[in-house]
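Here is the structure we will look at.
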Amino acid sequence: MNKLSSKHRKLAYVIAIIILLIPVIWLGMPSTGEEGSGGELAQLRVQYELGESTLGDVDPSSASMNFVLLGLRGIATNLLWMDAKDYQERKEWAKLRSTVDSIILLQPHYMKVWDFQGWNLAYNVSAEWDAVEDRYFWVKEGIKFLNEGVARNERFPELDWKIGNLHGQKVGRSDEWKQFRRFYKVDPNTERYDGGPDPEINPERLDNYQVAKQKYLIANEKELKHKQHLQMRMLFRAAPWHAQFDYANAMQREGKFGKERTDAWAQGFKEWTTIFGREEFITPKGAVVLEWTDDDIENLAKRDNVSVSDKKHWTDRYQSTANYRFWRTRALSESEQQTIDAHKAIYDGEVSFTEGKFDKAQAELEKGMSLYASVLNKYPSLMAEDLAIEEGLKAVLLWRDIHDLKGIPAPESFPLKPLWIKEQGRVPGLQEDLRRDLGIQ
């Protein structure tokens, strides 16, 4: 057997390495981001949406960090989470934010990181500040953090839903909702934003509930391709239309009872019944639609090979779960003049009370209570909704406070008495809210 010289062996090794590199390069060449670039594996990852770039924007520093840490990423992440909690407890906000930024370098596609920290900044951290302006700043930080999460993770409709929830519920329903809604259109940092909103939060200068609706619609669009794991599908997809109702309701909470408010309720009714109400949702007995006719029920029963009674049963159950009939009735009733007059009289009574005009306040409240009682008698299902109940109870509380201030007993019989008796469990909390909001001693 001829033995190869050392030189020949080395040459053979080099040739073998080159030959082996050819399939490696062909298979594993990374993509440049352009269509058709990269090796066979890179193109397959793009085709089947398995690559990191298909999840959203890629941060090169994130990939570098993971490479340097090798198998220690989990340990490093746990330590950073512990540091973040410690900084929050010590109220070292700058260090908290930088630590959170380090966490997302290590876990850019772990949804819970974005979800929890966005919520944490908007709720927990903001609550630690005394000035409302500072609280609003941290609410914005929570929204911006989630915006970054959406850019990095396009397959999580839950994140878009969470952003919508912060725009809607945090800005519009907090104890500071009056200031937050004002800051939403005119940021307290007037010098930086020229007397307008923060463009990262509200680029189109819309109402916070209108932006929430936009985010919920994006979430619904993504949910058609990527399953969400936040809540029942029907409730998830109802969010845009609830934001529309919240938009209309917010205007009347601020004393706006004109055409814009009425049109908003009318739009809500139309979208609730013609878009959400006509969407099919799957039950154990096939598909149902919430806004149905007899023909719908019969056709769906025939298509799914089930009985009409089964189809009606599951339609009714899903309507109840979504509170569909209530919101249908509420939106319809809010377009009626009697309902508008009732809201306006109660609102005017509250304003007169704060101005110390007790006789005028009493007259307006009694007018509003009488009209509101008529609305509830016409639409008794309204007495199942928190805001509707609280509006009536607050009117009665103010009316009774006026009698106390005058040193005279309130009459035993008064409009809304059935609601007052039925909802006594809510009264102490509402009374405390009124005393805080209106400065009642």
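All of the numbers you see were taken from the coordinates with simple rules; none came from a lab. The structure displayed is predicted, hence computed values, not measured ones. Cβ atoms come from the backbone with ideal geometry, glycine included; neighbour counts cover every protein chain shown.
Computed across segment 67-259, the Kirkwood radius stands at 17.7 Å (inverse of mean 1/r, all Cα pairs). Quick one: among Arg182, Arg426, Arg97, which has the greatest mean-square fluctuation in a GNM of the chain with alpha-carbon springs under 10 angstrom? It is Arg426.
About its Cα centre, the dipole of the chain is roughly 1380 debye, where the only charges are +1 on Lys and Arg Cβ and -1 on Asp and Glu Cβ.
Axis of helix 358-378 versus longest Cα principal axis of the chain: the two differ by about 70°, to the nearest ten degrees.
Only helical runs count toward this figure. For the chain, summing -39,500 (n - 2.57) over DSSP H runs of n ≥ 4 and dividing by all residues gives -20500 deg cm²/dmol at 222 nm.
Given R₀ = 25 Å, FRET efficiency for Ser381-Arg233 by Cβ-Cβ distance, to 0.05?
Efficiency computed from Cβ-Cβ geometry: 0.55.
If the segment from Asn78 to Lys422 were pulled out straight at 0.36 nm per residue, it would be longer than the present Cα-Cα gap by 118.8 nm. When only Cα pairs below 8 angstrom with a gap of at least 6 residues are kept, the chain shows a relative contact order of 7 percent. Here the label points at Gln337 and Asp263, each 7 Å from Cα along the C-beta direction, are separated by 2.0 nm in the simple model. Counting neighbouring Cβ atoms within 10 Å and putting the fewest first, the residues Arg436, Arg325 line up as Arg436, Arg325. Taking 0.36 nm per residue of sequence separation and removing the Cα-Cα distance, the Asp359/Arg205 pair yields an extension gain of 51.5 nm.
Looking at segment 256-405, the pairs of alpha carbons with a distance over 29 Å make up 36% of the total. Within the same chain, lysines fewer than 8 places from Lys311 are excluded, and of the rest, those with a Cα less than 28 Å from its Cα are Lys225, Lys227, Lys270, Lys285, Lys302. Rg and Dmax, both from the Cα atoms of the chain and both in Å, are 29.5, 123. With the alpha-carbon atoms of segment 120-214 aligned to their principal axes, the span from lowest to highest coordinate is 36, 28, 21 Å, starting with the largest. Taking every Cα-Cα distance in segment 260-335 and sorting them into 5 Å bins starting at zero, the pair-distance distribution P(r) comes out as 3, 17, 26, 21, 14, 10, 6, 3, 1, 0 percent.
Debye-formula intensities of segment 76-155, expressed as log10 I(q)/I(0) at q = 0.14 Å⁻¹, are -0.43 (one equal scatterer per alpha-carbon, no solvent).
With respect to the chain, whose longest principal axis is taken over its alpha-carbon atoms, helix 386-406 is tilted by about 40°. Volume per residue for segment 336-438 equals 94 cubic angstrom (convex hull of Cα atoms).
Among 314-321, 102-109, 289-296, the peptide with the highest mean count of other Cβ atoms within 10 Å heads the list, and the full ranking is 102-109, 314-321, 289-296. Counting 0.36 nm for each residue step from Ser320 to Lys406 and taking away their Cα separation leaves a gain of 26.5 nm. Within the listed set Gly268, Gly172, Gly286, the Gaussian network model of the chain (springs between alpha-carbon atoms below 10 Å) gives the highest mean-square fluctuation for Gly286. FRET efficiency for the pair Glu128 and Arg253, taken as 1/(1 + (r/R0)^6) with r the Cβ-Cβ distance and R0 = 35 Å, rounds to 0.85. Between the listed residues Gln117, Trp93, Trp129, the Cα displaced farthest toward the positive end of the dipole of segment 67-259, a dipole computed from Cβ unit charges relative to the Cα centre, is found at Gln117. Sorted fewest first by neighbouring Cβ atoms within 10 angstrom, Asp310, Asp263 come out as Asp263, Asp310.
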